[in-house]
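Note sheet for the following structure.
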Amino acid sequence: MTTDAYLADCRARLAFDLLSNTWNAVLIWVLRSGPQRPGELRERIGGISPKVLTETLRRLEFNGLVARNAYAEAPPRVEYELTALGRTLLGPIDAFGAWAFEYGDEVMAAQERNEHAAASHEPSRTSRSSHPPLSSSGAE
């Protein structure tokens with residue numbers, strides 16, 4: 001009996017799901033330097049809303065990749081840091097980043113070529129056939 005390595009309940013798919021969310025990998029990478037407060041994370045990342053940051057941190061915490069540390073101070077302070085499990089993803093994320101650095105220009109060039117090809121093959125509204133509609137009196 002063979003098994004499909006990409007079934008919904010398999011471990012490989014779990015890993016792909018964790019890394020497919022852009023913000024998951026970005027937050028893990030930013031937290032590699034140590035614990036940080038949400039405001040610091042927003043400043044370092046840029047382009048992430050407070051709501052998306054909170055959702056992503058909760059998702060990473062749920063998956064055991066990030067720990068939330070709340071301090072009973074006035075005002076209250078919260079920091080997030082990678083767990084030992086979260087640190088194990090730094091290598092794969094670094095490998096993806098190295099791949100993107102090396103091959104990103106090629107991927108963007110392919111995208112540009114394909115966008116140009118798609119645009120040149122789209123029929124314009126003025127070049128469409130202007131046959132008169134079929135009348136209801138004739139052969140259908």
Looking at the range 46-55, can you tell me whether even one residue there is surrounded by fewer than 10 Cβ atoms within 10 Å (Cβ to Cβ) and in a helix (DSSP H, G or I)?
yes
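Here is a yes/no grid of residues against (1) under 16 Å from the mean Cα position of the chain (by Cα); (2) open to solvent by 50 Å² or more (accessible area, probe 1.4 Å); (3) in contact (Cβ under 8 Å) with a residue 12 or more places away in the chain; (4) over 19 Å from Ile28 (Cα atoms):
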position	(1), (2), (3), (4)
Asn63	no, yes, yes, no
Arg68	no, yes, yes, no
Ala72	no, yes, no, yes
Ala84	no, yes, no, no
Thr88	no, yes, no, no
Met108	no, yes, no, yes
Arg113	no, yes, no, yes
### Query
Among the residues of the range 68-82, is there at least one that is part of a helix (DSSP H, G or I) and not hydroxyl-bearing (Ser, Thr, Tyr)?
no
| Going by the conditions given, is Gly86 at pLDDT 90 or above and touching a strand residue (DSSP E or B) at 6+ places or on another chain (Cβ under 9 Å)? | yes
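The values are calculated or read from the model by the stated rules, or taken from the named source; none is laboratory data. The structure presented is a predicted model; accordingly, all values stated were derived computationally and were not measured. We place every Cβ from the backbone using ideal geometry, glycine too, and count neighbours over all the protein chains shown. In case anyone asks, the SASA skips ligands and DNA or RNA and just uses the protein heavy atoms, side chains included. Shrake-Rupley method; radii C 1.70, N 1.55, O 1.52, S 1.80 Å.
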